[in-house]
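Take a look at the structure set out below.
The values are calculated or read from the model by the stated rules, or taken from the named source; none is laboratory data. On a predicted model such as this, the values are computed, not experimentally measured, just so you know. Positions of Cβ are backbone-derived with ideal geometry, glycine not excepted, and every protein chain shown enters the neighbour counts.
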Amino acid sequence: MTNKDRRFPLSLSSVVDKQARNAPADPTRRVATPQTATRNAALNPAQSRPVPAAPMQVERRANPSPQRVAPLVSDSVRKAMVARLVKQGISDTRVLAAMEAVQRHLFIEPGLVAQAYVDASIPIGYHQTISQPYIVARMIEVMRNGGTLTRVLEIGTGCGYQAAVLSLVAKEVYSIERIRPLHELARSNLRPMRIANIRLHYGDGMLGLSQVAPFDGIILAAAGLEVPQALLDQLAVGGRLVAPVGARHQVLQLIERVGKFEWTHTTLEDCHFVPLRAGTV
Ligand code: SAH
């Protein structure tokens, strides 16, 4: 196993918020919750309430500073975000549970944390943005289509947020980023979450990852004028690819591979993404 193909040991339960990571060591912060139980609870909204999961750690901090953002990043704010997603038409309960479980604020730089659960894209540096919660949920819901996802590929890791959400709905998640500092950012954001089933790659996602293809789901988090043929080829027959396509006017497209040499295209809705670019920087 190389550095670029690295496993994160299980689970979302040991998430530590960014402020805490920078704060003086506090042995009580890394609360030992039953990891698999928390992860399973994250997948099942009915079980999620009684589990003393990681988000509560924010509230448990001693001597809170005046700028504490607890009300903005608490469980209830994330629940409200999910309620909004339902109103916006997201209905896949597994996707909704994943959106509720992943602490979006931990992927956002401290100065912008107040916006973490607003339905907006947020800058992550290098002229890139983390997509708005609605579009993250929508793309995953369309890709999943109520089925089982074994191996999925994300093009455009960015800060790693969508990869974390995907890790709760798919067995294996591969994610490629072309901007090295963002690849490193995602790595450092995800490391404390100890998610076992995400592999991050630094490279040009337009080429896909032929060594692990085929994928039964592929998501592009950046818009090209068309979807690269390499990605269509790496989609399993029966697999679903969701991508923004276009330049100034972009639409979300669903591409299904219906045969060895046959793909169908469905246009879903307008969207706005950063551009898909070739090569690495
Ligand atoms: N899913 C991300 C969204 C990141 S924005 C998140 O949750 O944060 C889109 C990302 O796609 C950017 O980081 C950009 O650098 C990346 N990107 C654009 N073209 C790419 C390519 N050819 N290969 C890999 N990543 C690419």
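Going by what's in this entry, would Ala164 be described as within 14 Å of the ligand (Cβ to nearest atom) and either free of Cβ contacts under 8 Å to residues at least 60 places away in the same chain or closer than 17 Å to Leu231 by Cβ (or both)?
No: the conditions fail for Ala164.
Would you call Val237 assigned to a strand (DSSP E or B) and either modelled with pLDDT under 95 or surrounded by fewer than 15 Cβ atoms within 10 Å (Cβ to Cβ) (or both)?
yes
Here's the yes/no breakdown for (1) touching a helix residue (DSSP H, G or I) at 6+ places or on another chain (Cβ under 9 Å); (2) in a helix (DSSP H, G or I); (3) at pLDDT 95 or above; (4) closer than 28 Å to Gly246 by Cα:
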| site | (1), (2), (3), (4) |
| --- | --- |
| Ala186 | yes, yes, yes, yes |
| Leu190 | yes, yes, yes, no |
| Met206 | yes, yes, yes, yes |
| Ala213 | yes, no, yes, yes |
| Gly217 | yes, no, yes, yes |
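Looking at this structure, is Val245 assigned to a strand (DSSP E or B), modelled with pLDDT of 95 or more and either within 16 Å of the ligand (Cβ to nearest atom) or closer than 13 Å to Ala223 by Cβ (or both)?
Yes: the conditions hold for Val245.
Which of the residues spanning the stretch 112-129 are surrounded by fewer than 17 Cβ atoms within 10 Å (Cβ to Cβ), touching a residue at least 40 places away in the same chain (Cβ under 8 Å) and within 15 Å of the ligand (Cβ to nearest atom)?
Answer for the stretch 112-129, where residues must be surrounded by fewer than 17 Cβ atoms within 10 Å (Cβ to Cβ), touching a residue at least 40 places away in the same chain (Cβ under 8 Å) and within 15 Å of the ligand (Cβ to nearest atom): Gly125, Tyr126, His127.
Is one or more of the residues making up the stretch 106-114 in contact with a strand residue (DSSP E or B) (Cβ under 7 Å, 6 or more places away or on another chain) and under 21 Å from Val245 (Cα atoms)?
So in the stretch 106-114, the residues in contact with a strand residue (DSSP E or B) (Cβ under 7 Å, 6 or more places away or on another chain) come out as 107-108, 112.
Now narrow it down to the ones that are under 21 Å from Val245 (Cα atoms): none.
No.
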